[in-house]
Amino acid sequence: MTKAAPNGGEIAARRKHVAKRLNEHLKLSAAYVNAMAIAVAGAAIIVPMVSSPNVALGRSHLSWIATSLALHCVGHVVIRFLRREE
């Protein structure tokens, strides 16, 4: 038996399916990185306030907040890798 060559419609449908799968993985990765950014920011602000409410935020806390912002930016970069689903 011979195998028929795929036509243009089948190739386009396969490309769309592959792009959709990749996009879902990228969106999940971006959501994970953003959730980590929220957790780091929360820990940088909430933990010091609970442990000693009268202490102002120091350099170490500001570095954690900067880390949180960097993670958020990484989430935006991941979103840039989305493919078109045409």
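Numbers at a glance
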quantity	calculated
C-alpha long axis of helix 8-51 to longest principal axis of the chain, angle in °	10
Convex hull volume per residue in cubic angstrom - Cα atoms of the chain	101
Cα long-axis angle, helix 59-79 against the chain (0 to 90 degrees, to the nearest 10)	10
Stretch in the chain that is longest and holds no trypsin sites (Lys or Arg not before Pro) that DSSP places in a loop and that have at most 14 other beta carbons within 10 Å	4-79
The chain - accessible surface per residue (Å², probe 1.4 Å)	82
Chymotrypsin sites (Phe, Trp or Tyr not before Pro) within the chain: DSSP coil, no more than 16 neighbouring Cβ in 10 Å	Phe81
Computed [θ] at 222 nm, deg cm²/dmol, the chain (DSSP H ≥ 4; -39,500 (n - 2.57); rounded to nearest 500)	-27500 deg cm²/dmol
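The values are calculated or read from the model by the stated rules, or taken from the named source; none is laboratory data. Computed from a predicted model, the values in this text were never measured in an experiment. Here the Cβ is made from the backbone with ideal geometry for all residues, glycine too, and neighbour counts use every protein chain on show. Surface accessibility is based on the protein's heavy atoms, side chains included, excluding ligands, DNA and RNA. Shrake-Rupley method; radii C 1.70, N 1.55, O 1.52, S 1.80 Å.
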